[in-house]
Amino acid sequence: MENCGEACFNDLPMAINVAKLRLGFENHEGRSQELTKLAAVAKEWGMFLVTNHGIPEPVLRGVKDVVKSFFQLSLEEKKASLGSYMSKENKEDGRNFLKAEDQPLIRVDRLTMKIAPKEETDRGLAVWPQTPANFRQVMESYAEKARKLCDELLCALAEALSLERNVFLQKFEPSEENEVKVKVNYYPACPRPEQVLGLPAHSDGSGLTLLMQFDTVAGLQVLKDMKWTTVSWPPDTLLLNFGDLLEIMSNGRLKSSWHRVMPPVGTDRTSIALFYNPPPHVEIEPVPIGDEDKSSIEEEYKKVVVGEYLHHLYSSRSLATSTTAIKHAITFAKA
Ligand SMILES: O=C(O)CCC(=O)C(=O)O
Ligand SMILES: [Fe+2]
């Protein structure tokens, strides 16, 4: 796969400039133009690139540095650094070499950490590397900024759909109870890409997923108009991906994207996904919308408890790689 240089990034139809969304009343026009673009991009792609997000470059660099240091350790050192590295989520040597008859190999090292709620961060998925020593502190300070950005974007998305600004955000409350999980995906360079996938096609079990990737190595693909399209992703740009929970809350006006990851060739690729969810006990339901929008809605969603939906999603998730098996699990939330 081509390592995309600066030249690839001239045309970025998916990019939303957050600085413009933050403009005050005196710049009303610039702001409302960006909101109009946001509505269009969000509906078309189920994700968008986030530029001028305001998370300082040293914070992003810090995250990349600690993650690189961890993945450079030998397997023995990783195990020593991370007592429960062999847990279900963080597979053995991290690699999921799954092989079903009609499916390619899936090749990714994953490291998942729960950042919030606070009282759960030292058990379950909370496997914090001890090496490098500042790993947890660096990740937590990134997550705090990422979470604020997600809150802001939830409000902007509601506004872009002409809804009351708080309709999505209020489901993420109380804020001490909402869930933030960070997953590092490390895709080793692959000599036989035709037989391998980085991640199989899926939609995320989240409200929002904020993605960061290292070194502009291409890999993420989104299904658009039934074709796989590679996301062209400039340095220091983040990517906001809609999860199934947002699709339910918006009654399908914001669709979670169906995406997959192709293996990198000749060089490794690393991405970091921050999953942002309402508390598991919260009930989500489609937000009320104006009459004029009703005609554009194909199917109504019903009220579901976040934790129950996620349980259903994870227990029914197949490793389908076919483009026809799209988002079967979400029918659980259809009226
Ligand atoms: O590696 C990527 O760009 C995407 C990762 C992803 O889709 C996920 O972790 O859910
Ligand atoms: Fe994903």
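The values are calculated or read from the model by the stated rules, or taken from the named source; none is laboratory data. Since the structure is predicted, the reported quantities are computational estimates derived from the model, not experimental observations. Positions of Cβ are generated from backbone atoms using ideal geometry, with glycine treated the same way; all protein chains shown enter the neighbour counts.
Some observations on this one:
- Condition check for residue 235: touching a residue at least 12 places away in the same chain (Cβ under 8 Å), out of contact with any Leu (no Cβ under 8 Å at 6 or more places or on another chain) and away from ligand 2 (no atom under 16 Å from the Cβ): yes
The rows are residues; the columns are (1) out of contact with any Cys (no Cβ under 8 Å at 6 or more places or on another chain); (2) more than 10 Å from ligand 1 (Cβ to nearest atom).
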{"position": "218", "(1), (2)": "no, no"}
{"position": "237", "(1), (2)": "yes, yes"}
{"position": "263", "(1), (2)": "no, yes"}
{"position": "279", "(1), (2)": "yes, yes"}
{"position": "283", "(1), (2)": "yes, yes"}
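- Options 207, 252, 243: the member that is closer than 28 Å to residue 129 by Cα and away from ligand 2 (no atom under 11 Å from the Cβ): 207
- Residues of the stretch 256-278 that turn out to be away from ligand 2 (no atom under 14 Å from the Cβ) and in contact with an Asp or Glu (Cβ under 6 Å, 6 or more places away or on another chain), as a count: 0
- Residues of the stretch 261-285 satisfying the condition of being out of contact with any helix residue (DSSP H, G or I) (no Cβ under 9 Å at 6 or more places or on another chain) and surrounded by fewer than 19 Cβ atoms within 10 Å (Cβ to Cβ): 266, 267
- Residue 229 vs. criteria within 16 Å of ligand 2 (Cβ to nearest atom), surrounded by fewer than 20 Cβ atoms within 10 Å (Cβ to Cβ), of a type outside the set (A, V, I, L, M, F, W, C) and closer than 23 Å to residue 15 by Cα: yes
- Considering only residues in the stretch 27-51 that are among the acidic types (Asp, Glu) and exposed (fewer than 15 other Cβ atoms within 10 Å of the Cβ), the one that is modelled with the highest pLDDT turns out to be 44.
- Long-range neighbours under 6 Å by Cβ, at least six apart or interchain, first residue closer than 30 Å to residue 72 by Cα within the stretch 270-282, second within 16 Å of ligand 2 (Cβ to nearest atom) and among the basic types (Lys, Arg): 273/183; 275/181
- Residue list for the stretch 175-187, restricted to those being touching a strand residue (DSSP E or B) at 6+ places or on another chain (Cβ under 7 Å) and of a type outside the set (Ser, Thr, Tyr): 178, 179, 180, 181, 182, 183, 184, 185
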